[in-house]
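As structure tokens, the structure follows; a few thoughts come after it.
The values are calculated or read from the model by the stated rules, or taken from the named source; none is laboratory data. All figures in this text were calculated on a predicted structure; none of them were measured in a lab. Methodologically, a virtual Cβ is constructed for each residue, glycine included, from the backbone with ideal geometry; neighbour enumeration extends over all protein chains shown. Side chains included, ligands, DNA and RNA excluded: accessible areas come from the protein's heavy atoms. Shrake-Rupley method; radii C 1.70, N 1.55, O 1.52, S 1.80 Å.
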Amino acid sequence: MKKIPLLLLVLLSAFHSFGQLGFCNGSKGIPIFTEDFGSGTDYGPALPAGVTSYTFIAGTPGDGLYTLYYRTNQYTSWHNSPDHTPDNQPNGTNGKSLIVNASFTPSEFYKRVVSGLCVNTTFEFTAWLLNVYNASSTGACPGTGIPINVTFEIWDSTETTLLRSGNTGDINGTSSANWTQYGLLFTTGIGQTSVVLKMRNNGVGGCGNDLAIDDIMFRSCGDFTTIGTTATTGNTYSVCEDVTPININLQVNSSGITTNVFQWQESLDNIIWNDITGENSSNYATPNITTSHYYRVKVAQDIANLNNAFCSTISEIFSVLIKQKPLAPLSNGNIIICENDPIPALTVATFGSESVNWYSAATGGTLLQSNSVAFTPSNAGIFYAESYTLNTCVSANRTAVQLTMNPIPIIVQNETTILCETKSVLLDAEINNVTYNWSTTETTKSITVTTPGIFTVTVTSPNGCTNLKTIVVTENLIPIITNVVIDERQVTIITVISGDYEYSLDGINYQNSNVFENTIGGIKKAYVREKNNCGIATFDFTLIIIPKFFTPNGDTYNDYFSMEGFQFINNTTIAIFDRYGKLITYLNKKNGTWDGTLLGKPLPASDYWYKAILQDGTELKGHFALIR
């Protein structure tokens, strides 16, 4: 098949970096020589005489021929690739590359004199190569075809001294177009300002060994240099206005170059650069700048090259960005509340995208709240809001915002009071020099109520603060006695309801219990009074204690039958009968005992019966035992 020319391409396809003897790992200068072979959609033009030993053809090149074209697919088995020059370069769009269909015999296919170099300077030569054979094509070369193999040589201007050479090694055909960059480093000597570049094809003839070459470049190579400060990392330093001088220094990552000279430069727009007079060391202290500045350093290996852009390198750019101090935030107003109110947030507004920190003092002080336009304090006081950007650029002043807590009226205490049935009670707010608003809608300091319930009064001081007093009124009812229950000597006073009552049988001595034990018989009065003096009730009753038995044996103990309390009852007679209903005797107030005899004779031991009707109509009857 036809041999395919060497192409120099602008990069639109993928590319890889590879170096036979290496690339410049330091800072690089402005290209002093470039060859991108122009642009356009036509073939050519032919290279100047002496540049190549191959013959130009304005079409598909055969063996030993070359052409310049914007696509590499001169044969169907070649990659359809654009050149390598990027589109953003002058000849990038429809850029051309040198396409070489190598001859069967290894030979020199490119030679170029590069002049205008600087003395005593390290330069980097680079070029992009592409094996144009498409290894995925069918019916073409077997496998990946014959690889291309190129040797680059840098000679002195007399072509008698080889300064540096390097070989690409075999570059096989691939299934996709892969542009690869190769490079050499060389150093000019004293008085040496030009060199001769030679490219030699080492591949053998046959199917393959066809290539393209593009973007040949020569530029100076210096130590990699960066600028920084001890206070920051990276190549940008953002500070607030009114800063003190900034100490910046050049950091040189030596790559074997032992001698360097420097020139500091500054720019206001990162476009126009000016030398800083007298600043030629590795350190620089800026003046008190008030606007953003950009700094860089020109680096050369010889002072004679320092002002030659092609013979010096440039450090990375270091940016000092001056940020204006933000305005102090605008207060949304002081706040006055009562001390029993929920505490609201103090707020401020900013004039842009600033953030806000809150402090306890106008200067210094304690940080209370960060990154918020709102702050909710826990107590009254003056608090200070400060605007900031970048966490470092703060407003010159802080804005004071005050929270005032007015005292509330002091309530003596909430109360519980008693309302007696059918009576009234006076409720008093117990605080002066305030206004009053009762739950009854009354507005006086005190009110009179006649019903139980929960009553509140809201008191408001002259400063508008309020407090609430609650008075619980409970009603105590006047006691009502319904009955007195007698069980021998136990007396129980029964009332309609249970209340806060106390009880008595003499009107003098009162007790909490309504049950009285060991009560002496007689005409009685039961007393029940409400403990809060809401009223008293009485109930008259007669307590007669009737013995179960008596023993008339002359021992002076229980020798007579008598009813205790009966003696206090006027006009009442008690009749005593034997078990057969025979009347034995009568007992009355004057003769209130029976000795167990009838007509002076002792009656036998037995049960005897009694019956009496009291003044109130109560009937008493029952039986007792006479024991001998």
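Against the conditions (1) closer than 19 Å to PRO61 by Cβ; (2) open to solvent by less than 20 Å² (accessible area, probe 1.4 Å), PHE125 satisfies every one except (1). Note on the stretch 322-339: among residues that are open to solvent by 80 Å² or more (accessible area, probe 1.4 Å) and modelled with pLDDT of 90 or more, the one that is nearest to ASN120 (Cα to Cα) is LEU327. Taking the condition under 30 Å from PRO547 (Cβ atoms) and part of a loop (DSSP other than H, G, I, E, B), does GLY507 pass? Considered against the rule, which asks whether it is under 30 Å from PRO547 (Cβ atoms) and part of a loop (DSSP other than H, G, I, E, B), GLY507 comes out as yes.
Taking the criterion of being over 51 Å from the mean Cα position of the chain (by Cα), buried (at least 16 other Cβ atoms within 10 Å of the Cβ), assigned to a loop (DSSP other than H, G, I, E, B) and not aromatic (Phe, Trp, Tyr), the residues of the stretch 298-319 that qualify are GLN301, ASP302, LEU306, ASN308, CYS311, SER312.
So which residues in the stretch 301-321 are among the aliphatic types (A, V, I, L, M) and at pLDDT below 85, if there are any at all? The answer is ILE303, ALA304, LEU306, ALA309.
Residues are listed down the side, and each one gets a yes or a no for (1) over 30 Å from ILE190 (Cα atoms); (2) modelled with pLDDT of 90 or more; (3) outside any strand (DSSP E or B):
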residue: TYR110; (1), (2), (3): no, yes, no
residue: GLU124; (1), (2), (3): no, yes, no
residue: LEU129; (1), (2), (3): yes, yes, no
residue: GLY139; (1), (2), (3): yes, no, yes
residue: PRO142; (1), (2), (3): yes, no, yes
residue: ILE154; (1), (2), (3): no, yes, no
residue: THR160; (1), (2), (3): no, yes, yes
residue: SER165; (1), (2), (3): no, yes, no
residue: GLY169; (1), (2), (3): yes, yes, yes
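Residues of the stretch 525-563 that are open to solvent by less than 50 Å² (accessible area, probe 1.4 Å), of a type in the set (D, E, K, R) and closer than 30 Å to ASN509 by Cα: GLU530 alone.
Mind checking whether some residue in the stretch 86-94 is acidic (Asp, Glu) and assigned to a loop (DSSP other than H, G, I, E, B)? Checking the stretch 86-94: at least one residue is acidic (Asp, Glu) and assigned to a loop (DSSP other than H, G, I, E, B).
All conditions but one from (1) open to solvent by 70 Å² or more (accessible area, probe 1.4 Å); (2) over 30 Å from GLY381 (Cα atoms) apply to ILE410; the one that does not is (2). Looking across the stretch 459-475 at every residue that is of a type outside the set (Val, Ile, Thr) and under 15 Å from LEU426 (Cα atoms), the one that is least open to solvent (accessible area, probe 1.4 Å) is identified as LYS469. Only a single item in (1) open to solvent by 30 Å² or more (accessible area, probe 1.4 Å); (2) at pLDDT 95 or above is not met by TYR503, and it is number (1). Per the listing VAL434, VAL394, the residue uniquely within 30 Å of PHE351 (Cα to Cα) and open to solvent by less than 70 Å² (accessible area, probe 1.4 Å) is VAL394. Checked against the criterion of being touching a Ser or Thr at 6+ places or on another chain (Cβ under 9 Å) and either among the hydroxyl-bearing types (Ser, Thr, Tyr) or crowded, with 17+ Cβ neighbours inside 10 Å (or both), the candidates THR399, THR363 yield just one match: THR399. Of the candidates ILE343, ILE322, the single residue that is in a strand (DSSP E or B), touching a residue at least 24 places away in the same chain (Cβ under 8 Å), over 30 Å from THR188 (Cβ atoms) and of a type in the set (A, V, I, L, M) is ILE322. Once the stretch 574-615 is narrowed to residues that are outside any strand (DSSP E or B) and either aromatic (Phe, Trp, Tyr) or in contact with a strand residue (DSSP E or B) (Cβ under 7 Å, 6 or more places away or on another chain) (or both), the residue that is most open to solvent (accessible area, probe 1.4 Å) is TYR580. Against the definition (among the small types (Gly, Ala, Ser), more than 30 Å from ASN476 (Cβ to Cβ) and in contact with a Phe, Trp or Tyr (Cβ under 6 Å, 6 or more places away or on another chain)), how does ALA575 come out, yes or no? Spelling it out, ALA575 is indeed among the small types (Gly, Ala, Ser), more than 30 Å from ASN476 (Cβ to Cβ) and in contact with a Phe, Trp or Tyr (Cβ under 6 Å, 6 or more places away or on another chain). Evaluation of LEU197 against the conditions (1) modelled with pLDDT under 95; (2) closer than 21 Å to THR85 by Cβ; (3) of a type outside the set (Phe, Trp, Tyr) shows that the sole unmet condition is (1). The criterion of at least 2 residues that are in contact with a Leu (Cβ under 7 Å, 6 or more places away or on another chain) and closer than 30 Å to ALA102 by Cα is met by the following strands (runs of 3 or more DSSP E) wholly inside the stretch 185-282: 211-222. Counting only residues that are touching a strand residue (DSSP E or B) at 6+ places or on another chain (Cβ under 8 Å) and free of Cβ contacts under 8 Å to residues at least 12 places away in the same chain, the stretch 182-235 holds 2 of them.
Taking the condition under 60 Å from the mean Cα position of the chain (by Cα), touching a residue at least 40 places away in the same chain (Cβ under 8 Å) and within 27 Å of ILE154 (Cβ to Cβ), does ASN101 pass?
no
Reported count of residues in the stretch 362-409, each being modelled with pLDDT under 95, closer than 15 Å to PRO329 by Cα and among the hydrophobic types (A, V, I, L, M, F, W, C), is 3.
If you check every pair at least six apart or on different chains, which have Cβ atoms under 6 Å apart with a residue in the stretch 141-155 that is of a type in the set (D, E, K, R) first and a residue that is open to solvent by less than 50 Å² (accessible area, probe 1.4 Å) second? Qualifying pairs under 6 Å: GLU153/SER165; GLU153/LYS198. Taking the criterion of being surrounded by fewer than 18 Cβ atoms within 10 Å (Cβ to Cβ) and of a type outside the set (Val, Ile, Thr), the residues of the stretch 132-162 that qualify are SER136, SER137, GLY139, PRO142, GLY143, ASP156, SER157, GLU159, LEU162. Count of the stretch 548-573 residues, restricted to those that are on the phi < 0 side of the Ramachandran plot and not in a helix (DSSP H, G or I), is 18.
The numbered conditions (1) in contact with a Ser or Thr (Cβ under 9 Å, 6 or more places away or on another chain); (2) surrounded by fewer than 16 Cβ atoms within 10 Å (Cβ to Cβ); (3) hydroxyl-bearing (Ser, Thr, Tyr) are all true for TYR294 except (2). Within the stretch 52-85, the residues that satisfy the criterion of being farther than 19 Å from THR144 by Cβ and within 60 Å of the chain's Cα centre (by Cα) are TYR70, ARG71, PRO82, ASP83, HIS84, THR85.
Residue pairs whose Cβ atoms lie under 9 Å apart, sitting 6 or more positions apart in sequence or on different chains, and linking a residue in the stretch 581-602 that is within 22 Å of TYR557 (Cα to Cα) and touching a residue at least 40 places away in the same chain (Cβ under 8 Å) to a partner that is assigned to a loop (DSSP other than H, G, I, E, B) and of a type in the set (Asp, Glu), are ASP595/ASP559; GLY596/ASP559; PRO602/ASP595. Return the residues of the stretch 68-90 that are under 16 Å from SER39 (Cα atoms) and buried (at least 21 other Cβ atoms within 10 Å of the Cβ); say none if nothing qualifies. LEU68, TYR69, TYR70, THR72, SER81, PRO82, ASP83, HIS84, THR85 - these are the residues of the stretch 68-90 that are under 16 Å from SER39 (Cα atoms) and buried (at least 21 other Cβ atoms within 10 Å of the Cβ).
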